[in-house]
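Colleague: Below: one structure in structure tokens.
The values are calculated or read from the model by the stated rules, or taken from the named source; none is laboratory data. None of these values were measured; they are calculated from a predicted model. Note: ideal-geometry Cβ built from the backbone for every residue, glycine included; neighbour counts use all protein chains shown.
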Amino acid sequence: MFGLDLDAASTLHAGVMSIDLQRTPGRSREPAIQVRGLHKSFQELRVLRGVDFDVAPGSVFALLGSNGAGKTTVVRILSTLLRPDAGAATVNGFDVAAQAGKVRASISLTGQFAAVDEILSGRENLVLVARLRRQREPGRVADDLLARIALTDAANRRVATYSGGMRRRLDLAMSLVGKPLVIFLDEPTTGLDPQARLEVWQAVRELAGQGTTVLLTTQYLDEAEQLADRIAVLHEGRVIANGTLAELRRLFPPATVEYVEKQPSLEDIFLAIVGGDTAVPTASTPVRAAKDPR
Ligand SMILES: Nc1ncnc2c1ncn2[C@@H]1O[C@H](COP(=O)(O)OP(=O)(O)O)[C@@H](O)[C@H]1O
Ligand SMILES: [Mg+2]
């Protein structure tokens, strides 16, 4: 193959500057992200074949797909790092192709690998980014963020001594400097141990609670289930399912077999819609009629 690891593209902490980009009442009803008919191929490889979805402002949206499904490609297009072959997308109302600068000023992108400076302390990393983004009180900005991601105690230690989860949380905090309206988290917990994953989940919830729009990609069904308001399944270049967890569950109503009601997990639903090897019925094979338990 091409041997290109796009996820290694480190963190783009886009500058967030103009006041006119702040959320305004007129804006708040339109989707924070709108994606229509995105196509992207790499030579012969047709990665995206007509991707459509909307993300509501202030919501957490999970783009779920297996390795190589095209999640990072979507994120790179939305963050203006890559041009689609066809289709259109807007972020915060701005067109990713025609208004790339305004899109960049509205977003922040955290890649799969933490892009923090090991030699500096956590606080120094944050102060540095706050200075780069011309924040008025870099020290205060850093301290507020350290508190929000529960790193106050480790603030003055070198990042080299941090665990994987602490680094990822610091990376998240760095992406928050300047209050971007939309945050892209590309596989925020891939490679982390279970405890660190829980910590990062908590940090993402914290973010979402502040009204930031979050688009995260994940290969983990439980992650989407835990964090997302809506989940879109990217498979073979298209979004083949899109809804709340409850809506996705409704697509696949519980089957009653031998008097035991089975609620499908998101994993069952995922495997059913991508045609994996599973006992759960797919849309083309209707649910077995429920037996009357009486
Ligand atoms: N710049 C590129 N050149 C060639 N192939 C690429 C390039 N970027 C991605 N690909 C390929 O496109 C497919 C989708 O990649 P990616 O979007 O990174 O998937 P995901 O993030 O869902 O794992 C993969 O098969 C990958 O190898
Ligand atoms: Mg990826």
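Colleague: Quick one: which residue in 203, 208 is away from ligand 1 (no atom under 16 Å from the Cβ), buried (at least 20 other Cβ atoms within 10 Å of the Cβ) and hydrophobic (A, V, I, L, M, F, W, C)?
Modeller: Values: 208 fails: buried (at least 20 other Cβ atoms within 10 Å of the Cβ).
None of the other options fit; the residue is 203.
Colleague: Hey, residue 7 hits all of (1) in a helix (DSSP H, G or I); (2) at pLDDT 95 or above but one; which does it fall short on?
Modeller: All conditions pass for residue 7, except number (2).
Colleague: Hey, can you tell me all the residues within the stretch 51-72 that are within 16 Å of ligand 1 (Cβ to nearest atom) and surrounded by fewer than 21 Cβ atoms within 10 Å (Cβ to Cβ)?
Modeller: 53, 66, 67, 68
Colleague: Would you pick out the residues in the stretch 207-237 that are within 13 Å of residue 64 (Cα to Cα) and among the polar types (S, T, N, Q)?
Modeller: Of everything in the stretch 207-237, those that are within 13 Å of residue 64 (Cα to Cα) and among the polar types (S, T, N, Q) turn out to be 217, 218, 219, 226.
Colleague: Within the stretch 112-125, is there a residue that is within 16 Å of ligand 2 (Cβ to nearest atom) and in contact with a Ser or Thr (Cβ under 6 Å, 6 or more places away or on another chain)?
Modeller: Yes: one or more hits.
Colleague: A further question on this structure: Which residues, taken from the stretch 199-245, are over 20 Å from residue 271 (Cα atoms), of a type in the set (Val, Ile, Thr) and part of a loop (DSSP other than H, G, I, E, B)?
Modeller: Of everything in the stretch 199-245, just one residue is over 20 Å from residue 271 (Cα atoms), of a type in the set (Val, Ile, Thr) and part of a loop (DSSP other than H, G, I, E, B), namely 212.
Colleague: Mind listing just one residue for me: the one in the stretch 81-121 that is among the small types (Gly, Ala, Ser) and in a loop (DSSP other than H, G, I, E, B) and, of those, surrounded by the fewest Cβ atoms within 10 Å (Cβ to Cβ)?
Modeller: Restricting to residues being among the small types (Gly, Ala, Ser) and in a loop (DSSP other than H, G, I, E, B), the top hit is 98.
Colleague: Does at least one position in the stretch 153-170 carry a residue that is over 21 Å from the mean Cα position of the chain (by Cα) and part of a strand (DSSP E or B)?
Modeller: Within the stretch 153-170 (the criterion being over 21 Å from the mean Cα position of the chain (by Cα) and part of a strand (DSSP E or B)), the answer is yes, since at least one residue qualifies.
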